[in-house]
Amino acid sequence: MELNTIGLDLAKNVFQVHAVAPTGKILVRQQLRRSAVLKFFGKQPKSLVGMEACASAHYWARELSALGHEVRLMPPPRVKAYVPRGKKNDAADAAAIAEAVTRPSMSFVPVKTVEQQSALMLHRTRRLLVEARTRTSNAIRGQLGELGICAAQGATGIAALLAIIDDAGDARLPEVARQALMALASHLRSCDAQVAAMDKTIAGWHSCSDESRRVATIPQIGPITASALVATAGEVNRFDNARQFAAWLGLVPSQNSSGGKASLGRITKSGDRYLRQLLVVSAIGMIRLVRKDPARSPWFARLLARKPPKLAAVALANKMARIAWVILARGESYRAPAAEAAA
């Protein structure tokens, strides 16, 4: 039995619905207030509902699935191609969603559970706190630099500057400036404490997740990267192979091929930027270790010998993503290659 197709354009208060019968006849084209969305779909027969994977999409997908509908989320850039040129409004968006969700070549976003979204909220909150901590420490360095007070880079230097701010007897710092900088110092310490609390909560989530613990067996991947990967990726069996997973993360070269001639460029950088950043940073940490002890990863050591360090790190991040796919898809843990194990 063919299902009706419904395109739902999400919003904060006013939603747009575009329903089409299997014959192509338009059944419904109307606006809905937020309070009327579930009532409307509760009266509809089982339908194929398409939505863009944007804010609140996972919530509505779970709610409509509970009503018996088949819900599919799509990346907004993939839906944009179906919007008529020069006709951008809610009704056109809903019609484009209804058209796009039926295309066989369309890629879909898996619906996240509440637990997965909660884990990702931890990561987003931690990232905001880390950014605030960095901005605040830079502000302290810059303002003290205006008074000729400088310190070394890193946490040691910041600790020295905070000691100067706390020392009321240090004549280099005027009292008015000290009051302003004490506010920044207090904010910096608060960010430090909150980041530590987020790290502890993420570690707790990681320890309760079998998948996250298995991903963390990969060298250079810790609880933060492993938990972010598991919560973001969801069901990895929707990818046919490891390369598709790496491509989803934007860690494969872009292509500009024609006439049978393959031309590869920089990585696509599509997908989740935060997760890709975590993998690349993890790979960069391997550079120093392998330079000290090439036996840690002979493959990476050979790559570093002939490629620039950052390019080699991206290649390693790609490899780590592929290994993570194998671990999650097959329910295994990381096994070191024979050469590394022997070393």
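Every number in this text was worked out from the coordinates using simple rules, so none of it is lab data. Bear in mind that the values here come from a model prediction, so they are computed numbers and not experimental data. Virtual Cβ from ideal backbone geometry, glycine too; neighbours counted across all protein chains shown.
Taking 0.36 nm per residue of separation and subtracting the Cα-Cα distance, full extension of the segment from Leu27 to Ala177 would add 47.2 nm.
Between Lys310 and Cys150, the distance separating the two model label sites (each 7 Å from Cα on the Cα→Cβ line) works out to 2.5 nm.
Please compute the volume of the convex hull spanned by the alpha-carbon atoms of the range 52-113 and report it per residue in Å³.
It comes to 90 Å³ per residue, whole-number rounded.
Each of Trp60, Trp299, Trp248 has some number of other Cβ atoms within 10 Å of its Cβ, and from fewest to most they run Trp299, Trp60, Trp248. Beta bridges per DSSP, both residues in the chain: antiparallel share near 65 percent.
Count charges around Gly50 for me, please; just the other residues with Cβ under 12 Å from its Cβ, Lys/Arg as +1, Asp/Glu as -1. It would help to have the intermediate numbers written out before the result.
Values: positive: Arg72, Arg78, Arg103; negative: Asp9, Glu52, Glu70, Asp93, Glu99.
Combined, the nearby Lys, Arg, Asp and Glu give -2.
With helices as the sole contributors, the chain gives -18000 deg cm²/dmol at 222 nm; each DSSP H run of n ≥ 4 counts as -39500 (n - 2.57), and the sum is divided by every residue. If you take Kirkwood radius over Cα pairs in Å from the coordinates, which of (i) 23.1; (ii) 24.0; (iii) 22.0 do you get? Correct label is (ii). Taking a ≥ b ≥ c as the square roots of the eigenvalues of the alpha carbon gyration tensor, the range 131-246 is prolate, as a/c is not under 1.5 and a/b beats b/c. Remark: Met198, Met121 ranked as Met121, Met198, counting other beta-carbon atoms within 10 Å and listing the fewest first. Under the criterion of Cα pairs below 8 Å and six or more residues apart, the relative contact order for the range 26-132 equals 25 percent. Annotation: extensible slack from Met106 through Ser186 equals 23.8 nm (criterion: 0.36 nm per residue apart, minus Cα-Cα distance). Pairs with C-alpha atoms separated by more than 31 Å, drawn from the list Lys25/Lys269; Lys46/Lys269; Lys200/Lys319; Lys43/Lys112; Lys46/Lys88; Lys112/Lys310, are Lys25/Lys269; Lys46/Lys269; Lys112/Lys310.
Scaled against 2.2 N^0.38 Å for its residue count N, the alpha carbon radius of gyration of the range 96-185 is 1.92.
As a rough guide to protection, the peptides 106-114, 258-266, 153-161 ranked by mean Cβ packing within 10 Å, highest first, stand as 106-114, 153-161, 258-266.
Separation of the range 1-78 from the range 90-162 is 30 Å, based on Cα centroids. Within straight-line reach of Lys80, meaning a Cα separation under 15 Å, sit the following aspartates and glutamates at least 8 residues removed in sequence or on another chain: Asp9, Glu52, Asp90, Asp93, Glu99. Cα gyration tensor of the range 4-100, axes a ≥ b ≥ c as square roots of the eigenvalues: rounded (a/c below 1.5), prolate (a/b > b/c) or oblate? Rounded.
Whole Å is fine, so just give me how far the alpha carbon centre of the range 281-343 lies from that of the range 193-261. The range 281-343 and the range 193-261 have Cα centres separated by 15 Å. Annotation: the residues Glu99, Glu332, sorted from fewest to most other C-beta atoms within 10 Å of their own C-beta, follow the order Glu332, Glu99.
Across the range 228-282, Cα-Cα distances exceeding 12 Å account for 69% of all pairs.
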